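Below is the structure I would like to discuss, written out as structure tokens.
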Amino acid sequence: MWITVKDMRKFKEFIIEKLILICGIASIFFVVLIFLFLLKEGFSVFNTVSPFNFLFGKSWYPISEPPQLGILPLILGSLLVTLGAAIISIPIGVGCAIYIAEVVPGKIKEILKAGIELLAAIPSVVLGFIGMVTLVPLVKNVFHLPTGLTALSGSIMLAFMAMPTIVSIAEDALYSIPKTYKEGALALGATHWQTIWRVMLPAASSGILAAIMLGIGRVIGETMAVMMITGNAAVIPDSILAPVRTLTATIAAEMGEAVVGSEHYFALFAVGIVLFVISFIINVTADLCLHKRQ
Amino acid sequence: MFKKGLFILVMLAFATLSFAGQGKNSIQIKGSDTMVNLGQAWAEKYMEKYPGDFIAVTGGGSGTGLSSLISASCDIAMSSRNIKDKEIALANKKGVNPNEIKVALDGLAVVVNPANFVDKLTLDQLAGIFTGKITNWKELGGKDEKIVVLSREVNSGTHVYFKEHVLRKNDPNSKEEFVPSALMLSSSQAIADEVAGNSSAVGYYGMGYISAKQKPVAIAKDEKAEYVEPAIENVVNGKYPISRPLLLYTNGAPHDLVKKFVDFALSKEGQDIVLKTDFVPVNK
């Protein structure tokens, strides 16, 4: 009797272990498959255009004969919108994290945290729509622009999307600093602000850096909102008040038309590779930051 | 637990398969966003008339419709542009033989904000605006304001038609392109909204989208010709210079249910619906 129960248990554990193993392998397997597919489809574009002309070409006319497939305006568009979003969301996000982790009393803390989680729950298409009817006319009137569909509008809207990520991870990082650091600083006579600025922030810096990187990663991959409010003009932007076309919006807007197997189709996959490489770099950087902390 | 879940999953898969598989008296129509309202209106009336048949209409753009026809994932493709040679070649390779049926005409209106003084343009001026050679409204008799050019995305049949017939003036060797700074919007409604709110914008879309918030511009073939408003009678009598056919593509000559639907679209009843959705009938 005892033995059979034990055996059953062992058997069950064996099955569960293997199932978990399969789950673990499956996720890696799918990533590898997706990456291989992306590479296979994307690299075909280099039969028609050289990698240099693809990455640094200045005109994007994918459906003309012959097509002009230069994605420099798209790369710069994505980077500009992301940079703008980072400049807006990092100070606010980190400030908010410090406030939640160090300053605010218990009850308000819970309300704030719930509010930020709510912000993360708003679908990006809704944010894009709100941006289109409220922010775009505002940007146009404030800066006296010919149109409000600009990189700045996109940056502001994306900053909203990056904020929840930045706040929650940065707050975690601050929270996980050993209490003794803070107590030590206060005992030495430092004020609350001095403690935060000189002790807490440096101690949590790698975690905060990781939070920022993950926030930026979210921004650069965002599609729907930027497609709705940045104007999508494939021109090299000369200021943040000019319309831009991002890598993600290009794929989303054009994949419906692209004839399977055409240069355009391959070019969109190659745009996907560029996007993949950019977010890979960002994620690896974030990872390195996190590991450094541990 | 696992087994039960798996069983339910399998049952669900079968249920969806068998639902999708009852294709005998249902057809899928896909394509042009310009035509999606028309297609839906047809489908509704048709299903009222023949309650046993089921017709699903979805948009996505002319290119999307044609690529679905090529991959045999729809029965009829709606398109606001002619099929490209490349697409025909691809279709033939997959054993699909696209067959074109003209079902309606559409006048393309060029619209500006009602506050804009400019109310008539020649085709040359239009080409100048959309290729970026004319950049200020003052050159056209308007205010000293930079022109904001609005266009549809490249998956739009309207975009392709406008480029080929206005920018390139039907010249297959022309290399004219939309000015790179043109804002690419994802729908005709988005263009309508932007024109309504922006006094220096100019855009184009099917006549059906004109409302009191936008001002359609009268167009002339050249300086000596008459300036014509985009209106149904002007498209019918051929005076309005920018009009295009709206097409259905089927795989081979239509038969069975597809033929029944196409015949309905071309009937007096179907063409009345064309008129009601602000397009121009081909059969009077």
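What average count of beta carbons from other chains do you get within 10 Å of the Cβ of residues in A:132-145?
What the average comes to for A:132-145 is 1.
Summing +1 for each Lys or Arg and -1 for each Asp or Glu, what net charge is found among the other residues whose Cβ lies under 14 Å from the Cβ of residue B:47?
-1
Sticking with this structure for a sec: Evaluate E = 1/(1 + (r/R0)^6) for residue A:190 and residue A:292, where r is the Cβ-Cβ distance and R0 equals 35 Å; express this FRET efficiency to the nearest 0.05.
That pair, residue A:190 with residue A:292, gives E of 0.90.
Also, I was wondering about something else. What net charge do the residues around residue B:207 carry, taking every other residue with its C-beta under 12 Å from that of residue B:207, with Lys and Arg at +1 and Asp and Glu at -1?
Every neighbour counted, the sum reads -3.
Next up: Post the alpha-carbon centroid distance, the range A:241-293 to the range B:248-269, in whole angstrom.
41 Å
Now, a different point. Rounded to the nearest 20 Debye, what is the dipole magnitude of the range B:160-284 about its Cα centre when Lys and Arg each give +1 and Asp and Glu each give -1 at the C-beta?
160 debye
Going by C-beta contacts inside 10 Å, put B:226, B:177, B:194, B:100 in order with the fewest on the left.
So the residues, fewest neighbours to most, are B:226, B:100, B:177, B:194.
Which whole-number percent is the relative contact order of chain B (Cα, under 8 Å, 6+ apart)?
25 percent
Only helical DSSP H runs with n ≥ 4 go in: add -39500 (n - 2.57) per run for chain A, normalise by residue count and round the 222 nm mean residue ellipticity to 500 deg cm²/dmol.
It lands at -23500 deg cm²/dmol.
Here's another thing I want to ask about it. Expressed as a whole number of Å, what is the distance separating the alpha-carbon centroids of the range A:45-90 and the range B:47-88?
The two parts, judged by their Cα centres, are 32 Å apart.
Could you check which residue among A:84, A:221, A:24 shows the biggest mean-square fluctuation in a GNM of chain A with a 10 Å Cα cutoff?
A:24
What FRET efficiency would be calculated for the residue pair residue B:86, residue B:173, taking the C-beta separation as r and a Förster radius of 30 Å, to the nearest 0.05?
Once the sixth-power term is evaluated, E becomes 0.95.
Tell me what chain B gives for mean residue ellipticity at 222 nm when only DSSP H runs of n ≥ 4 count, each as -39,500 (n - 2.57), the sum divided by the residue total, rounded to 500 deg cm²/dmol.
Result for chain B: -10500 deg cm²/dmol, rounded to the nearest 500.
log10 I(q)/I(0), Debye, Cα-only the range A:56-293, no solvent, q = 0.08, 0.10, 0.11, 0.17 Å⁻¹?
Here log10 of I(q) over I(0) equals -0.37, -0.55, -0.64, -1.18.
I need B:275, A:69 ordered by Cβ neighbour count within 10 Å, fewest first.
B:275, A:69
Ranking request for peptides A:267-277, A:227-237: highest mean number of other beta-carbon atoms within 10 Å first, then the rest in descending order.
In descending order of packing, they fall as A:227-237, A:267-277.
Would you look at the GNM of chain A, springs on alpha carbons closer than 10 Å, and say which of A:246, A:82, A:195 moves the most?
A:195
Which whole number gives the average, over all residues in B:180-193, of C-beta atoms from other chains lying within 10 Å of the residue C-beta?
Neighbouring Cβ atoms belonging to other protein chains average 5 per residue here.
Full extension from residue A:27 to residue A:183: what is 0.36 nm times the residue separation minus their Cα-Cα distance, to one decimal in nm?
Taking residue A:27 through residue A:183 to full extension adds about 51.8 nm, to one decimal.
Out of A:69, A:270, A:211, whose Cα points farthest toward the positive end of the dipole of chain A (charges: +1 Lys, Arg; -1 Asp, Glu; placed on Cβ)?
Final value for the positive-end residue is A:211.
Same structure again: Only Cα pairs within less than 10 Å get springs; with that Gaussian network setup on chain A, which residue of A:109, A:40, A:179 has the largest fluctuation?
Comparing A:109, A:40, A:179 in the GNM, the peak value goes to A:179.
Let me ask something else about it. 7 Å from Cα along Cα→Cβ at both residue A:113 and residue A:43: what's the point-to-point distance in nm?
The modelled label-to-label distance comes out at 4.8 nm.
How large are Rg and Dmax for the protein assembly as shown when only the alpha carbon atoms are used, in Å?
28.6, 104
OK, next. Measure up B:215/B:259; A:140/B:133; A:12/A:113; A:40/B:94; A:18/A:109; B:163/B:260 against 31 Å on the Cα-Cα distance and list the ones that go over.
B:215/B:259; A:12/A:113; A:18/A:109; B:163/B:260
Order these by the 10 Å Cβ neighbour count, fewest first: B:48, A:263.
Ascending number of Cβ neighbours within 10 Å: B:48, A:263.
Residue A:138 to residue B:124: FRET efficiency via 1/(1 + (r/R0)^6), r the Cβ-Cβ distance, R0 25 Å, to the nearest 0.05?
0.10
Relative contact order of the range A:56-293, please, whole-number percent, based on alpha carbon pairs below 8 angstrom and at least 6 residues apart.
Once normalised by length, the contact order is 28 percent.
Where a number appears in this text, it was derived from the coordinates with a stated rule and is not lab data. Computed from a predicted model, the values in this text were never measured in an experiment. Here the Cβ is made from the backbone with ideal geometry for all residues, glycine too, and neighbour counts use every protein chain on show.
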